[in-house]
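One structure coming up, written as structure tokens, with questions to follow.
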Amino acid sequence: MYCGFRKESNISRKIQTPALVKKEAQILQEMVFKNILLVAGDDPKVSTGYLAEIISMLRGTVPSVSLEVA
């Protein structure tokens, strides 16, 4: 199976703080983006609680939030 985000892939990963996610979402909204796509993989540091917090925070910032979990 191919997935560019799988943990065996040798790519740089970064988990953003909620404050940074909000700041970047505001910048994207100012650039007239209407949808934010969050992409998460099989990193044990990314919990459902973290994702729920980010989605709840963004709901008041952008018109549409989507989540892709690989």
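Could you grab the pairs with beta carbons closer than 9 Å, sequence gap of 6+ or different chains, first residue in segment 38-58 and at positive phi, second one open to solvent by 40 Å² or more (accessible area, probe 1.4 Å)?
Here the result reads none, with nothing in segment 38-58 linked to a residue that is open to solvent by 40 Å² or more (accessible area, probe 1.4 Å).
Looking at segment 21-54, which of its residues are surrounded by 11 or more Cβ atoms within 10 Å (Cβ to Cβ) and among the charged types (D, E, K, R)?
Of everything in segment 21-54, those that are surrounded by 11 or more Cβ atoms within 10 Å (Cβ to Cβ) and among the charged types (D, E, K, R) turn out to be K22, K23, E24, D42, D43, E53.
Please specify each residue of segment 55-69 satisfying the condition of being open to solvent by less than 60 Å² (accessible area, probe 1.4 Å) and part of a loop (DSSP other than H, G, I, E, B).
Of segment 55-69, the ones open to solvent by less than 60 Å² (accessible area, probe 1.4 Å) are 55, 57-58, 61-62, 64-66.
Within segment 55-69, T61, V62 qualify.
The values are calculated or read from the model by the stated rules, or taken from the named source; none is laboratory data. Small disclaimer: the values here were computed from a predicted structure and weren't measured. Ideal geometry is used to build each Cβ from the backbone, glycine not excepted, and the neighbour counts take in all protein chains shown. Accessible surface is based on the protein model in full, side chains and every heavy atom, while ligands, DNA and RNA are left aside. Shrake-Rupley method; radii C 1.70, N 1.55, O 1.52, S 1.80 Å.
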